[in-house]
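This report refers to the structure that appears directly beneath it.
The values are calculated or read from the model by the stated rules, or taken from the named source; none is laboratory data. Nothing here was measured: the structure is a model prediction, and the numbers come from that model. Here the Cβ positions follow ideal geometry from the backbone for every residue, glycine too, while neighbour counts run over all protein chains shown.
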């Protein structure tokens, strides 16, 4: 029995650790977080800290994620109206949903996805104008949509991803967008393009990817954007 459990855990770790390229539009390198013009746009340190802790799961470190999830659960227990903690609680439910999906427990995965959705939406309702919160909701839904079969991903979630990221672009503004870090800029436009592609809006998807190619030439975000554009072009020629 121990060998069987150990084998299942090893399989799960290997499966999860094989997903970093799917965890975000492009898995960031340290230099991707440097802003073109320092001080242009600052993410909440709380958000960036727990992104490191939670997203360790995509490199196979489930224990690190679970420790951070326990911290977040305690924060929400102490203050249910802490929007920053609540949005990460929703993200944690999404990750647990993904783990359940990989284990083959589809019913539990769907239950946790619904709980994630309700929790993220509550976080946004607590602090609706905080870009850190609604962008994290968009990221949460985007991440789940990366490995969930398209017919299992509710269309409404992709609509939320697109709406939240468009709101983020308006918040940052056209003058600041070229000055923010490659990670922030590339993820916003990249995930926006994926969302529109999933929604069947090829024109908007193409514009998002073309923005990356034009404004971030030679970057890994541009490389993936080129691949996504090729997919869109191929789909457009299908009968």
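Only one entry of 168, 195, 205 meets the criterion of being in contact with a helix residue (DSSP H, G or I) (Cβ under 6 Å, 6 or more places away or on another chain), more than 19 Å from residue 38 (Cβ to Cβ), touching a residue at least 40 places away in the same chain (Cβ under 8 Å) and part of a helix (DSSP H, G or I), and that entry is 195. Among the residues of the range 211-224, those identified as in contact with a helix residue (DSSP H, G or I) (Cβ under 7 Å, 6 or more places away or on another chain), part of a helix (DSSP H, G or I) and over 11 Å from residue 192 (Cβ atoms) are 213, 215, 221, 222, 224. The single condition among (1) in contact (Cβ under 8 Å) with a residue 12 or more places away in the chain; (2) over 13 Å from the mean Cα position of the chain (by Cα); (3) assigned to a helix (DSSP H, G or I) that residue 66 does not meet is (1). Criterion applied to 134, 141 was being in contact with a helix residue (DSSP H, G or I) (Cβ under 6 Å, 6 or more places away or on another chain), buried (at least 22 other Cβ atoms within 10 Å of the Cβ), on the phi < 0 side of the Ramachandran plot and modelled with pLDDT under 95, and the one residue passing it is 141.
Can you name the residue in the range 153-162 that is surrounded by 14 or more Cβ atoms within 10 Å (Cβ to Cβ) and either within 24 Å of residue 211 (Cβ to Cβ) or in contact (Cβ under 8 Å) with a residue 40 or more places away in the chain (or both) and is also nearest to the chain's Cα centre (by Cα) among such residues? Filtering the range 153-162 for residues that are surrounded by 14 or more Cβ atoms within 10 Å (Cβ to Cβ) and either within 24 Å of residue 211 (Cβ to Cβ) or in contact (Cβ under 8 Å) with a residue 40 or more places away in the chain (or both), the one nearest to the chain's Cα centre (by Cα) comes out as 161.
When the range 114-127 is limited to residues that are over 21 Å from residue 48 (Cβ atoms) and either more than 14 Å from the chain's Cα centre (by Cα) or not in a helix (DSSP H, G or I) (or both), the one that is modelled with the lowest pLDDT turns out to be 114.
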